[in-house]
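Right, one structure below, let's go through it.
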Amino acid sequence: MTRTDGDTWDLATSVGATATGVAASRALASKQPDPLIHDPYANALVKAVGLEHSIKVADGEQVSDDPMMSTQRICERIAVRTRFFDDFFAEAVAAGVRQAVILASGLDTRAYRLPWPPAAVVFEIDQPRVLDFKSAVLDDLGATAPAGHRMVGVDLRDDWPTALRDNGFDLSRPTAWIAEGLLIYLPPDAQDRLFDNITVLSAPGSRIATEHLDIGDSAQDWAKRLDERSRRAGSDIRLSELFYTGARASAGDYLTAAGWDVTIRTSREAYAANGFELPDDELTTLSENSGYLSAILR
Ligand code: SAM
């Protein structure tokens, strides 16, 4: 299966299955005796999607002899990632930002589980079938989000700014944006357009957090090695078929040129900030200069 311009999916297929995979890690980490993160909905969401491999991960079954797939490694990896974006929103709220957009939200439940102030308006954007499924399951669970929560089902390669504005997005208010696990699934020009649109929609003082990818021209090799890990673990997901691994602008450089003050946190720094050590494996080493990016619009 290869990517095409207008491809669509649900949470069990194509790029959608990757959202279920990430949620499985959150479910596993949330179940540990002394959990590193707490996502009270991840397990039910993964079970509802019904992908066998993700259910095994969520249930803590040993899916692989790969040391990077041990429960401890999975939990640390997802905790570093989840806490980075959770902390980003906490800091934005503390700074007075009351409008948030979760781009490519997948099975992210931050709209429901973070302590938003009553006046907060939280938008989620993802493909329609992804959001419809998630909201149905969360409704059944009785999960509640702030009154100003809106799910906007639209493709991020299309005219999502119009859909967002039609759903009440306020251009005059500073916004906190996250794009977690999204950029590599967008064609390079769509990534640039995404940042152009975000910049146009952002009042001064707006913030953004996303991944920082710095693997030079090794993206294809990196994706192939991720495939090997996936295959070894019995998963059907082949990231090399879902990623766009061609040359793309660095998100940090692009945002800096567009007027954002960018801060990079490498994976090693992010692990250290959580009291963990970056694993010493080949795949992690390949992407050790990558990590996370946050930025504030001047
Ligand atoms: N942000 C979520 C998380 O970290 O749990 C989900 C990450 S998952 C790896 C990738 C997500 O990006 C999926 O939910 C997928 O539907 C979404 N996505 C990728 N390309 C998209 C597009 N063109 N339009 C809308 N959503 C997209």
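The values are calculated or read from the model by the stated rules, or taken from the named source; none is laboratory data. Everything numeric in this text was worked out from a predicted model, so none of it was measured. Every residue, glycine as well, gets a Cβ built from its backbone with ideal geometry; the counts of neighbours run over all protein chains shown. In case anyone asks, the SASA skips ligands and DNA or RNA and just uses the protein heavy atoms, side chains included. Shrake-Rupley method; radii C 1.70, N 1.55, O 1.52, S 1.80 Å.
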Candidate set: the range 1-53, residues that are open to solvent by less than 10 Å² (accessible area, probe 1.4 Å) and under 18 Å from ASP227 (Cα atoms); chosen: the one nearest to the ligand (Cβ to nearest atom): GLY16
Count of the range 241-298 residues which are open to solvent by 30 Å² or more (accessible area, probe 1.4 Å), in a loop (DSSP other than H, G, I, E, B) and more than 28 Å from GLY205 (Cα to Cα): 10
Residue ID - farthest from the chain's Cα centre (by Cα), chosen from residues in the range 11-55 that are free of Cβ contacts under 8 Å to residues at least 24 places away in the same chain and either on the phi > 0 side of the Ramachandran plot or assigned to a helix (DSSP H, G or I) (or both): GLU52
Sole exception among (1) open to solvent by 20 Å² or more (accessible area, probe 1.4 Å); (2) under 21 Å from THR8 (Cα atoms) for VAL130, by number: (1)
Of all residues in the range 180-229 being more than 13 Å from the ligand (Cβ to nearest atom) and without any contact (Cβ under 8 Å) to a residue 12 or more places away in the chain, the one that is most open to solvent (accessible area, probe 1.4 Å): GLU228
Odd one out for ARG73 among (1) in contact (Cβ under 8 Å) with a residue 24 or more places away in the chain; (2) within 11 Å of the ligand (Cβ to nearest atom); (3) more than 16 Å from the chain's Cα centre (by Cα): (2)
Of residues in the range 105-123 being in a helix (DSSP H, G or I) and not hydroxyl-bearing (Ser, Thr, Tyr), the one most open to solvent (accessible area, probe 1.4 Å): ARG113
Looking only at the range 87-104, and only at residues there that are aliphatic (A, V, I, L, M) and not in a loop (DSSP other than H, G, I, E, B), the one that is surrounded by the fewest Cβ atoms within 10 Å (Cβ to Cβ): ALA94
Residue within the range 67-86 that is in contact with a strand residue (DSSP E or B) (Cβ under 6 Å, 6 or more places away or on another chain) and surrounded by 17 or more Cβ atoms within 10 Å (Cβ to Cβ) present: yes
